[in-house]
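Contents: one structure, followed by commentary.
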Amino acid sequence: MWQWLLTAAGLAALLYNTFRVFQEYERAVIFRLGKFVKVKGPGLVLLIPFIDRAVKADLRIQTEDIPPQDVITRDSVSITVNAVLYRRVIDPELSVLAVEDAPFATSQASQTALRSALGAADLDAVLTEQERLADDIQAIISEQASGWGIQILSVEMKDVILPEDMKRVLARRAEAERERRAKVIHAEGELSAAERLSQSAQILSQEPFALHLRFLQSLSEVASENNETTVVPLPTELARLLMKR
C-alpha cells in the first residue's frame, strides 16, 4: 500500500516537473541547472524533470498604492501625499534576472520619486499642477524601472493632506481673492456706467429738443408713481433765458 502511494506521489512530481501550463497573460522564464535558457509560454511548456526550473512572470497591468509620504515642499510647508501607480512587465527576462523582487523595487522607487518631485515644488504647484507633477514622477520611476523590464504606465496623485493651520491660511487667502475680484468687477461697472453717461450727456447737449424730451419722459415716470409731488415743467428756452440773466 505504501509503495503504491510513494509511486503515485513520485509520478505526480515527475509530471508536475515535466508538464507546466501557463495562462495567456503568463510567461515562463526557464533555467537549466541554474543557467537562463529562454522565455516560453503561454500554453503547455515541457521541462526536463529536476533539471529545468520555471519562474512565472505576469504580464497583466498591476495597480500599486504608494503609501502616504510626508513631504516638505520648496516653500517649507509640510504635507502628506499618497498616489497610485500603474505598471506592467514588458520583458520577463529582465524582470527576473535584473532585480530580485520587481514589485518591491518599484514600490521603493515610487516612494523616493514622489518625495523628490514634490520636495522641489511649491505648495501652489502641488495643489494646482498635479498632472504635471505626476508626469515628472512617472518619468523618474520609468528611468529606473526600464532596466528591470517594467513599464510605468501612469502615476496618479490621490490625495494631498494639509495641516489645519495651512487650511485656514488658504481659506483666508481665497476669501481675500474673491473680495478683490468683486471690487475690481464693481469698479469696472462704475467706469463703464460713467463712460455711457458721458456719451449720453454729449449727445443731449448737441440736441436741445432731445434734452427736453428726456425731461418730459422723466416727468411721466414720476407722475406714474403714487406720490403727492407736483412738478411744473418750464420750457427749455425760458430756462435758458433765466440762466443767462
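The values are calculated or read from the model by the stated rules, or taken from the named source; none is laboratory data. Here the structure is a predicted model, which is why all the values come from computation and not from measurement. Don't worry about glycine lacking a Cβ; one is built from the backbone with ideal geometry, like all the others, and counts go over all protein chains shown. Calculation scope for accessible area: heavy atoms of the full protein, side chains included, ligands and nucleic acids excluded. Shrake-Rupley method; radii C 1.70, N 1.55, O 1.52, S 1.80 Å.
Assorted remarks:
- Close pairs (8 angstrom Cβ cut-off, 6 or more residues apart or separate chains): open to solvent by less than 30 Å² (accessible area, probe 1.4 Å) in the range 30-54, of a type in the set (S, T, Y) anywhere: L47/T18
- If the condition is being open to solvent by 60 Å² or more (accessible area, probe 1.4 Å) and of a type in the set (A, V, I, L, M), then the range 188-200 contributes L191, L197.
- Condition check for A145: open to solvent by less than 60 Å² (accessible area, probe 1.4 Å), touching a residue at least 40 places away in the same chain (Cβ under 8 Å) and closer than 30 Å to V37 by Cα: yes
- Subset of the range 73-92 that is assigned to a strand (DSSP E or B), open to solvent by 50 Å² or more (accessible area, probe 1.4 Å) and at pLDDT 90 or above - its residue that is farthest from L118 (Cα to Cα): R88
- Among the candidates D136, D124, D70, residue that is of a type in the set (D, E) and either closer than 24 Å to V29 by Cβ or surrounded by 15 or more Cβ atoms within 10 Å (Cβ to Cβ) (or both): D136
- Conditions (1) under 25 Å from L97 (Cα atoms); (2) modelled with pLDDT of 90 or more; (3) part of a strand (DSSP E or B): number failed by R60: (3)
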